[in-house]
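Derivation of every value follows stated rules applied to the coordinates shown; laboratory data play no part. Keep in mind that what you see is a predicted model, and the values were worked out from it rather than measured. All Cβ positions, even for glycine, are placed from backbone atoms using ideal geometry, and neighbour counts span all protein chains on display.
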Amino acid sequence: MFGEGLRRLLEPHFEVVGLIGNGRELIDAVDRLQPDVIVADISMPSLNGIEAARRIRKMPHAPKIVFLTMHDDATFATAAFQAGASGYVLKRSAPSEIITAIHEATRGRTYISPLVAGDVLSALMAKREHPEELKPELTSRQREILQLLAEGKSPKEIGATLDISTRTVEFHKYRIMEATGVRTIAELTTYAITHGIIQPT
């Protein structure tokens with residue numbers, strides 16, 4: 001329903017070439033639909049928007065990416081721009097903001113919602129002043145497996161989805177838990193929700 005509402009908002013201003021349901025489908029659709037700009041959410045099933053953005057930005061002739069999300073925490077916005085985003089708009093912003101953000105992206109500029117801009121600047125300054133406080137980054141594969149585990153997939157199902165062995169999934173699961181300091185799948189799920197990797201159901 002939200003996607004259809006967004007389509008109606010954008011169609012008077014842009015040609016909308018597709019409506020995609022999850023992060024993996026989004027990556028597959030880039031070559032097929034060849035959009036100039038992608039409007040993505042952070043919390044998407046199967047593969048979250050930030051991880052999808054990282055992969056899309058490595059593609060030849062990669063489209064611009066504008067995030068439209070409920071996450072007003074500067075951590076998410078910072079991660080989005082580090083992943084290559086050209087815009088970051090909150091869902092509670094005025095509808096005109098997403099249109100402005102897309103226009104700015106097509107001009108090679110960056111747009112960030114005023115509702116979160118100040119917090120993002122403060123977060124970037126804090127990271128510059130206290131780099132030792134940064135938590136270790138998970139690898140791309142670990143983030144991918146973390147999301148699938150938090151969505152309730154078994155190691156066997158994850159292995160089939162990613163075309164890797166169950167043993168490899170278990171190894172990554174152990175390393176993820178070690179890196180994040182969690183001990184159970186429930187805690188892992190809470191971590192994924194807190195960090196915007198999945199949405200609470």
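Summary of values
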| read-out | value |
| --- | --- |
| Given charges at Cβ of Lys, Arg, Asp, Glu: the chain dipole, positive-most of Gln82, Leu115, Ala101 | Gln82 |
| Charged-residue dipole, Cβ positions (Lys, Arg, Asp, Glu), the chain about Cα centre, Debye nearest 20 | 300 debye |
| In the chain, lysine pairs with alpha-carbon atoms under 30 angstrom apart (chain gap of 8 or more, or interchain) | 19 |
| Euclidean distance between Cα centres, region 44-97 to region 147-178, Å | 25 Å |
| Ile145, Ile164, Ile198 arranged by Cβ crowding within 10 Å, fewest neighbours leading | Ile164, Ile198, Ile145 |
| Top positive-direction residue, dipole computed over the chain with Cβ charges, set Leu149, Thr168, Gly49 | Thr168 |
| In degrees, nearest ten, helix 114-129 long axis to first principal axis of the chain (Cα) | 50 degrees |
| Degrees between helix 95-106 axis and first principal axis of the chain (Cα, 0 to 90, nearest 10) | 90 degrees |
| Taking Phe171, Phe76 and counting other C-beta atoms within 10 Å, the order from fewest to most | Phe171, Phe76 |
| Region 1-87: relative contact order as a whole-number percent, Cα under 8 Å and 6+ apart | 25 percent |
| Label-point separation, Ser122 to Glu187 (7 Å along Cα→Cβ), nm | 3.0 nm |
| Amide N of region 48-80 lying under 16 Å from the label point, which is placed 7 angstrom from the Cα of Glu25 along Cα→Cβ | 48-49, 52 |
| Percent breakdown of C-alpha pair distances by 10 Å bin, ordered from the shortest bin, for the chain | 8, 33, 35, 19, 4, 0 |
| Extension reserve of the Arg32-Gln82 stretch, reckoned as 0.36 nm per residue once the Cα distance is removed | 15.5 nm |
